[in-house]
1. Among (1) outside any loop (DSSP other than H, G, I, E, B); (2) closer than 14 Å to A:F230 by Cα; (3) not charged (D, E, K, R), which single condition is A:L158 missing?
2. Test B:V170 against the criterion of being touching a residue at least 12 places away in the same chain (Cβ under 8 Å), buried (at least 19 other Cβ atoms within 10 Å of the Cβ) and assigned by TED's automatic domain parsing to the domain that holds B:D103, and give yes or no.
3. Going by the structure shown, is B:L78 in contact with a strand residue (DSSP E or B) (Cβ under 6 Å, 6 or more places away or on another chain), outside the structural domain of B:D130 (by TED's automatic domain parsing) and modelled with pLDDT of 95 or more?
4. Taking region B:173-208 as the region of interest, how many residues are surrounded by fewer than 16 Cβ atoms within 10 Å (Cβ to Cβ) and in a helix (DSSP H, G or I)?
5. Could you list, in sequence order, all residues of region B:209-234 that are in a loop (DSSP other than H, G, I, E, B), under 19 Å from B:A114 (Cα atoms) and more than 7 Å from chain A (Cβ to nearest Cβ)?
6. Quick one: would you say A:K184 is free of Cβ contacts under 8 Å to residues at least 24 places away in the same chain and either charged (D, E, K, R) or within 14 Å of chain B (Cβ to nearest Cβ) (or both)?
7. Can you tell me which residue in region B:63-96 is farthest from the chain's Cα centre (by Cα), limited to those that are among the charged types (D, E, K, R) and surrounded by 13 or more Cβ atoms within 10 Å (Cβ to Cβ)?
8. Return a yes/no flag: does region B:174-187 have any residue that is closer than 23 Å to A:L107 by Cα and out of contact with any His (no Cβ under 6 Å at 6 or more places or on another chain).
2 protein chains.
Amino acid sequence: MLTNNTIKKIRSLSLKKNRKAEGLFVAEGEKIVNELIDSAFEIESIFATSEWKGSDAVIISEKELSRISFLKTPNKVLAVVRIPAESNTISGETIIALEGISDPGNLGTIIRLADWFGVEHILCSENSVDYLNPKVVQSSMGSISRVKVHYVNLDTDLNNYPDYKRYVTVMDGDDYREIDFSSKRILIFGNESKGISESVLDSEVNKISIPKAQNSNAESLNIAVACGIFLSRL
Amino acid sequence: MLTNNTIKKIRSLSLKKNRKAEGLFVAEGEKIVNELIDSAFEIESIFATSEWKGSDAVIISEKELSRISFLKTPNKVLAVVRIPAESNTISGETIIALEGISDPGNLGTIIRLADWFGVEHILCSENSVDYLNPKVVQSSMGSISRVKVHYVNLDTDLNNYPDYKRYVTVMDGDDYREIDFSSKRILIFGNESKGISESVLDSEVNKISIPKAQNSNAESLNIAVACGIFLSRL
C-alpha cells in the first residue's frame, strides 16, 4: 500500500530543486534498477509489482506503480536512490564536455555511449539539463552507475586540464578523420540549437567537423550521434 | 481566428489512422516548415503568429497556436501538409532497413543522419513507428523533405535487392572497422529492446558490431548512434 505522502514525495522528485533538497532521485525498470543495486549507489527504497524478481521491495499493484511512475509504460519496479557525493577527481584519456545541453534524451544517450566507449567523466556547464532528471536516467539505461557527470563553470574549469587538447564540434572545422587524436583530449559539444558559446570558441580549441555527403542539404547532425562518431574513431 | 472544427481536425492528426484517412500530417517550427515549403511537398494550410516571416499563413495568436501545437514550446508556425504518394523506386549505394523501430525520436534522428550522409531511402517494417508522427517529423529537423521512408514487409521485401549485401547490427558480430563495405549495402537495425527477428537473421546476412572499450560494462548503444557510426565509416 502506498500512502498519499509517499506518492507525493516520489512525484516531487521530477523537479531538480526537490531532488537536491531530498538528496534523492528516481530510477525505473528492471534493468536500470538492477544495475543501480549492483553499483555503489545507495538505494533508499524500492517499489515493485509482484512480477519483479528482486528482493527488499515494497510490493504494490500495477495501478499504484502507474501513480508513482514517470514512464508512459511503467516497468515492474521503481527505486528511490540517494544522490552520490560528487568526486573531484577527473581522469581518463577522453573527457566529454557539454555546454548547455538541454534535451534529456540526448544527455542520457551520451552517458550511455560514454560508458560503451570507456569514457568515465562528463563535464556539463551549469545551465545543462540535470543528469538525475527521470528522462535522463531512463535513456542512459543504467550507465549513470558507471559514468560520472560533473556540473561546472565550463569557461574556467576547462583550464584545469592543461595536458588535454580541446576539440569543439562546429560546422566548418577540420575533417575529424584527418585529426591526430594521440594526446589526451576533451571533446566539447554545444547546445542543440545555439551551438558553442563565443567564450569557449575564443579559448585555445581545435575546431572539427563530420563532413556530410556532397549532395546533402542537411543542416546538422544530432549531438549524441556526432559524439558517438567521434568516440568510435578514438 | 481558429474554429473549433479546425482545432479538432489538426489535433486529430496526432493519430496515424486519422493522418491516413485525411491524407495529411503536421509539421511545426520555422526551419521545418520552410524546408517543406521549398520541397516537393504540397502544403495544405499554414497557421502562424505575426512573428513568422513567411507568406500565405492564417495569422493566429500565441494562445491559439498552443491549442493546435504538439510541441511543449510552440514555435511561430504550424503547417498542415499533404502526405506524398509513395514511390516504388528505391536506389542508392546504401539503404537503411529498420525492423520494428518504436521510438519516434530515434526514427527522426535516423532520417536526419541519412540525409547528412546522403542515404535517400529507408525501409521500415510495417510494425515500425509512422514517420509522419509529429515527434518523428520534429526530430527529423526537415530531413523528411529529402529522405524517403517506405513501409514494407521486410522479410519478403529484402529479396528485391539481390545486388545489395545485407548487414545486421548484433552484439557478437564482426568488428565493423574490418568490413569491406565496397559493394552496395543494406544496413539493418532491429527494435530498440527486442533486436532483430529470427527470420531476418536466418536470411543471408553479415553480422556486424561496434566493439566497446575493454573495461566497459555497457550493454548496448542507442540505435541511432550505431547507425551514425556505420554511416560515418562508409
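1. Of the numbered conditions (1) outside any loop (DSSP other than H, G, I, E, B); (2) closer than 14 Å to A:F230 by Cα; (3) not charged (D, E, K, R), the odd one out for A:L158 is (2).
2. Against the criterion (touching a residue at least 12 places away in the same chain (Cβ under 8 Å), buried (at least 19 other Cβ atoms within 10 Å of the Cβ) and assigned by TED's automatic domain parsing to the domain that holds B:D103), B:V170 does not qualify.
3. yes
4. 6
5. If the condition is that a residue be in a loop (DSSP other than H, G, I, E, B), under 19 Å from B:A114 (Cα atoms) and more than 7 Å from chain A (Cβ to nearest Cβ), then B:L234 is the only one that fits.
6. no
7. Going through the qualifying residues, I end up with B:E64.
8. No, region B:174-187 has no match at all.
The values are calculated or read from the model by the stated rules, or taken from the named source; none is laboratory data. Since the model is a prediction, treat every value here as computed from it, not as a measurement. All Cβ positions, glycine included, derive from the backbone under ideal geometry; neighbour counts span all protein chains shown.
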